[in-house]
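Peer 1: Can you keep this structure in mind? I'll have questions shortly.
The values are calculated or read from the model by the stated rules, or taken from the named source; none is laboratory data. Small disclaimer: the values here were computed from a predicted structure and weren't measured. Ligands, DNA and RNA are stripped out before the accessible areas are found, and what is left, the full protein with its side chains, is counted by its heavy atoms. Shrake-Rupley method; radii C 1.70, N 1.55, O 1.52, S 1.80 Å.
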Amino acid sequence: ASRAQLESWRDELRAQYAAYQQRKLALDLTRGKPSAEQLALADALDGNLGGNYTLDGTDLRNYGGLEGLPSARKLGADILGLDPAEVLAGGNSSLTMMYQAMLYAWMLGPDGKNAWRNESNIKFLCPSPGYDRHFAICEQFGIEMITVRLTDNGPDMDQVEALVKADPSIKGMWCVPKYGNPTGCVYSADTVDRIAALGKIAARNFRVFWDNAYVVHDLTDDAPALANIMERCRVHGTEHSVLQFTSTSKITHAGAGIAFMGGSKENLAVFCKQLGIATIGPDKVNQARHLKMLPDVAAVQAHMRKHAAILKPRFDCVLQHLEQAFGDSDLGDWTSPVGGYFVSFNTRPGLATTVVKLAAEAGVKLTP
């Protein structure tokens, strides 16, 4: 294009941008934050116990039950593909559970013996792009983060295996295996198997933090399946090397759900020993409210189809406009996930910060 043509395009785009600014938009797209319409899907939680505060032979109003209600543990186990004895049902936040697991591993060791803090330089593998709050936990403990390339099938396992084999100071890896934030990728069966096998070549106090936040967050009926990592760990004899997490945070009420932690019975025993010093038990009334509304996985899946009916048109709208604006250009590329909460857009190199800044000045907040 000639200089005159380029200047004409620039002036035209500046006018379009100014028009967007004049609309005074206030759109916050920085988080996978459910809309009020989605949150309302779970409003039946309110008062649904009808004054009956007994479940599993337990008075829900009283102290105790550190591991969570047996019925809640079973629901979490069915969601994660585990045995109920391999699951804890807790409070409203799986992020809190992850933080606690990291804290206990740092202070006392994930096995209760080999504390990470007693070693000189602790490192974590961080598939990137990834979830900023995972990285913030590492930052707080002064854990060195090693970037691992994230592919469409999950972390680059050649890179992961080489790093773990060569460096015993690598104590863990963050994983969001299904519809990961922010690319929406789903780990392949081969990737899951190779992650399960890491315990054979890693340091003895190595732990994968398997944040399965979007395990049931499908937008289509033919959603990709995620291999069961505990089944693969059993094959490799590495059951202790993985800690699993999920919650109902984007299923029911985001700030008032149930979090679940999965792991070997030995791992959970170590965790509970410390947890029992910090708390006497979770909110069993809230666990029972959830079980009344979502008694089993089938009920969870039916509920998630209601979420999909709200979310999918919004995903389709974003993808349609990206295709219209950039489909015939090389100005960027993007993911087209079939679940989760995120569409990831990659600009030309070096432009992401400017795009985020210009979008914010036009009233649209994006996650950098």
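Peer 1: Could you list the square roots of 5 times each eigenvalue of the Cα gyration tensor of the stretch 55-121, that is, the equivalent ellipsoid semi-axes, sorted largest first and rounded to whole Å?
Peer 2: Equivalent ellipsoid semi-axes, largest first: 29, 14, 11 Å.
Peer 1: Quick one: which residues, 5 or more positions from K365 or on another chain, have an amide H under 5 Å from its amide H? H modelled 1.01 Å from N in the peptide plane, none for Pro or chain starts.
Peer 2: L27, D28, L29
Peer 1: Same structure, new question: For the chain, what proportion of DSSP beta bridges, expressed in % and rounded to the nearest 5, is antiparallel? Walk me through the numbers on the way to the answer.
Peer 2: Numbers: 15 of 34 bridges.
Antiparallel: roughly 45 percent of the beta bridges in the chain.
Peer 1: Please provide three numbers in whole Å: the alpha-carbon extents of the chain along the principal axes, with the largest listed first.
Peer 2: Extents along the principal axes: 76, 57, 35 Å.
Peer 1: Moving on to the next point. As a test of the definition: which semi-axes, in Å, follow for the stretch 97-166 when you take the square root of five times each eigenvalue of its alpha carbon gyration tensor? Largest first, please. Walk me through the intermediate numbers first.
Peer 2: Numbers: eigenvalues 103, 43, 22 Å².
Largest first, the stretch 97-166 gives 23, 15, 10 Å.
Peer 1: Solvent-accessible area of S120, probe 1.4 Å, all protein chains present, reported in Å² to the nearest ten, please.
Peer 2: S120 has an accessible surface of roughly 130 Å² with all protein chains in place.
Peer 1: Then there's this: Under the rule of at least 5 residues apart or a separate chain, name every residue whose amide H is placed under 5 Å from the amide H of S247.
Peer 2: Placed amide hydrogens put F260 under 5 Å from S247.
Peer 1: May I pose another question? Mind jotting down the distance between the C-alpha centroids of the stretch 310-368 and the stretch 120-151, whole Å?
Peer 2: So the two Cα centres are separated by 25 Å.
Peer 1: Expected output is a single nm value to one decimal: the length gained when fully extending between T151 and E139, i.e. 0.36 nm times separation in residues minus the C-alpha distance. What is it?
Peer 2: Numbers: separation 12, 0.36 × 12 = 4.32 nm, distance 2.41 nm.
Computed gain between T151 and E139 is 1.9 nm.
Peer 1: Which value does Rg/Rh take for the stretch 231-368 over its C-alpha atoms, Rh per Kirkwood? Before the final figure, lay out the partial values.
Peer 2: Values: Rg = 21.1 Å, Rh = 19.3 Å.
Reported Rg/Rh (Cα atoms, Kirkwood Rh): 1.09.
Peer 1: Output the direction-averaged projected area (hull surface divided by four) of the convex hull of the alpha-carbon atoms of the stretch 1-76, in nm².
Peer 2: Working: hull surface 44.1 nm².
Result: 11.0 nm².
Peer 1: Using only the Cα atoms, work out Rg/Rh for the stretch 131-265, with Rh taken as the Kirkwood radius, to two decimals. Display every interim value, and only then the final one.
Peer 2: Values: Rg = 14.8 Å, Rh = 15.6 Å.
Here Rg/Rh amounts to 0.95.
Peer 1: At a 1.4 Å probe, what is the % contribution of carbon and sulfur to the accessible area of the chain?
Peer 2: Here carbon and sulfur together make up 52 percent of the probe-accessible area.
Peer 1: What share of Cα pairs, in percent, lie more than 16 angstrom apart in the stretch 1-127?
Peer 2: On the way: 6548 of 8001 pairs.
Percentage above 16 Å: 82.
Peer 1: Probe of 1.4 angstrom, ligands and nucleic acids ignored: what's the accessible area per residue over the stretch 1-151, in square angstrom? Don't skip to the end; give the middle numbers.
Peer 2: Values: 8680 Å² over 151 residues.
Using a 1.4 Å probe on heavy atoms only, each residue of the stretch 1-151 averages 58 Å².
Peer 1: Which whole-Hz couplings ³J(HN,Hα) result when phi for each residue of the stretch 326-339 is put into the Karplus expression 6.51 cos²θ - 1.76 cosθ + 1.60, θ = phi - 60°, listed in order with x for Gly and Pro?
Peer 2: Per-residue couplings from phi come out as 10, x, 9, 10, 10, 7, x, 9, 8, 8, 10, x, 10, x Hz.
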